[in-house]
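Structure record follows, encoded as structure tokens.
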Amino acid sequence: MKSEFGNFAGLTVFSLILIVILYLALFLYNKKGKEEIKMITLHGNSLLTKEHYLKFADLNQTDEYSDLSLNGIKNRIEKHPYIFKAEVKSDGRGNVDINIKEKEIYAVIIHNSEPYFITSDFEFIKILEFTSYNEIPLISNAKIPDKIIPGIANKSTDIVQAFKIIDAARITDQDISKRLAEINLKYGGDVVLTFSGMNYPVIFGRGNEIKKMIYLSIMWDKTKALELVGENTSYIDLRFSNEAFIGKKTGSGLI
């Protein structure tokens with residue numbers, strides 16, 4: 001009887017020890033690869049503040065960091081529509097750095113009374129509250145699909161035309177590129193450009209984008225020196241071959 005009791009007691013103790021070992025093993029397995037995250041810092045932002053990005057991903061509450069992993073942080077932050085990709089690193093002491101790369105924004109467009117960014121991949125992204133952006137041209141009067149599908153390319157002939165003009169400006173002259181304020185596509189007609197700091201439009205037309213931008217850059221340098229373009233100018237027309245027509249409020253001329 002005592003022998004049976006001893007066997008039962010020994011089996012019970014062994015079972016308890018086995019349960020404790022399994023619990024500790026499971027606990028340590030779940031903890032493996034995790035660390036106590038104390039601070040999360042974000043870098044590389046331009047369109048939104050660091051605080052707005054972290055708030056979107058629910059990464060602004062320090063008391064909720066305990067269940068986070070580095071991969072979990074990466075997945076959360078990359079769900080933001082402005083972000084192309086994110087790299088997440090830890091110093092091993094609870095400090096986590098998120099380095100983000102935002103999507104390349106080419107232009108702004110108004111669609112169904114809502115402002116959208118257009119990315120280099122022709123993706124339309126609704127502009128969120130508190131977004132900050134400068135030196136991004138507005139595309140107006142463009143023929144675009146009635147229904148915009150998020151996450152895929154929404155190309156149209158007019159949008160492609162606008163991108164060619166933006167690329168030509170970037171390649172040719174950084175000053176022209178930064179000052180390009182609006183690309184009016186006239187619903188398939190001759191394109192008209194507006195530049196910040198200038199009170200006259202540039203009738204750009206269509207085709208030969210780089211050639212026209214080079215000519216516009218040279219012409220601006222020349223006319224600035226000769227003071228040919230100023231308050232009396234009403235428009236510049238680049239639709240002529242190898243010439244620019246300057247419309248004057250009191251006359252006109254070719255250069």
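Every number here is computed from the coordinates shown, using simple stated rules; none is lab data. Only a predicted model underlies this, so the values are computations on that prediction, with no experimental measurement involved. Cβ sites come from the backbone with ideal geometry, for glycine too, and all protein chains shown count toward neighbours.
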Practice task
Please report the relative contact order for region 105-254, taking Cα pairs under 8 Å with a sequence separation of at least 6, and give it as a percent rounded to a whole number.
Solution key: 15 percent
Completion exercise
From fewest to most C-beta neighbours within 10 Å, the residues ILE105, ILE110 line up as ILE110, ILE105
Completion exercise
In region 105-254, taking the dipole from +1 charges on Lys and Arg beta carbons and -1 charges on Asp and Glu beta carbons about the Cα centre, the listed residue (ILE136, ILE218, PRO115) farthest towards the positive end is ILE218
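Could you grab the relative contact order for region 67-148? Cα pairs under 8 Å, six or more apart, rounded to a whole percent.
Details: 101 pairs, mean separation 15.7, N = 82.
This gives 19 percent for region 67-148.
For region 140-179, count the residues as N, evaluate 2.2 N^0.38 Å, and divide the Cα radius of gyration by that value, please. Could the numbers behind the result be given before it?
Details: Rg = 12.6 Å, N = 40, 2.2 N^0.38 = 8.9 Å.
It is 1.41.
Report the antiparallel proportion of the DSSP beta bridges in region 105-254 as a percent, rounded to a multiple of 5. Numbers along the way, then the final one.
On the way: 23 of 30 bridges.
Beta bridges within region 105-254, antiparallel portion: roughly 75 percent.
For PHE195, what charge total do you get from the other residues with a beta carbon under 12 Å from its beta carbon, if Lys and Arg give +1 and Asp and Glu give -1?
Details: positive: LYS178, ARG179; negative: GLU135, ASP173, ASP175, GLU182.
So the environment of PHE195 carries a net charge of -2.
Which of the pairs LYS55/LYS143; LYS89/LYS178; LYS212/LYS249; LYS186/LYS248 have their Cα atoms more than 28 Å apart in this structure?
Details: LYS55/LYS143 36 Å; LYS89/LYS178 34 Å; LYS212/LYS249 23 Å; LYS186/LYS248 23 Å.
Too far apart for the 28 Å limit: LYS55/LYS143; LYS89/LYS178.
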Exercise for the section: Please list the non-local residues whose amide H lies under 5 Å from the amide H of HIS111, H modeled 1.01 Å from N, same-chain partners needing a gap of 5 or more. Expected result: TYR116
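I need the semi-axes of the equivalent ellipsoid of region 91-184: take the C-alpha gyration tensor, multiply each eigenvalue by 5, square-root it, list largest first in whole angstrom.
On the way: eigenvalues 148, 69, 31 Å².
Semi-axes (√(5λ), whole Å): 27, 19, 12.
With N set to the residue count of region 105-254, report its C-alpha Rg divided by 2.2 N^0.38 Å to two decimal places. Walk me through the numbers before you get to the answer.
Values: Rg = 16.1 Å, N = 150, 2.2 N^0.38 = 14.8 Å.
Rounded to two decimals, the normalised Rg is 1.09.
If you wrap a convex hull around the C-alpha atoms of region 39-102 and split its volume per residue, what is the figure in Å³?
Numbers: hull volume 4.6 nm³, N = 64.
Measuring per residue, one finds 71 Å³ for the Cα hull of region 39-102.
For ASP190 and PHE130, FRET efficiency with R0 = 25 Å and r from the beta-carbon atoms, rounded to 0.05? Spell out each step's value before the answer.
Numbers: r = 37 Å, r/R0 = 1.48.
With a Förster radius of 25 Å, E is 0.10.
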Handout entry: For region 105-254, size of Cβ-based charge dipole, Lys and Arg +1, Asp and Glu -1, in debye
Key = 320 debye
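Using the count of nearby Cβ atoms within 10 Å as a rough guide to exposure, how do GLU209, GLU104, GLU78, GLU129 rank from fewest to most? Working shown, then result.
Working: GLU209 21, GLU104 10, GLU78 15, GLU129 6.
Lowest count first: GLU129, GLU104, GLU78, GLU209.
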Practice task
Report the relative contact order of region 39-102, percent, no decimals, based on alpha-carbon pairs under 8 angstrom and at least 6 residues apart.
Solution key: 44 percent
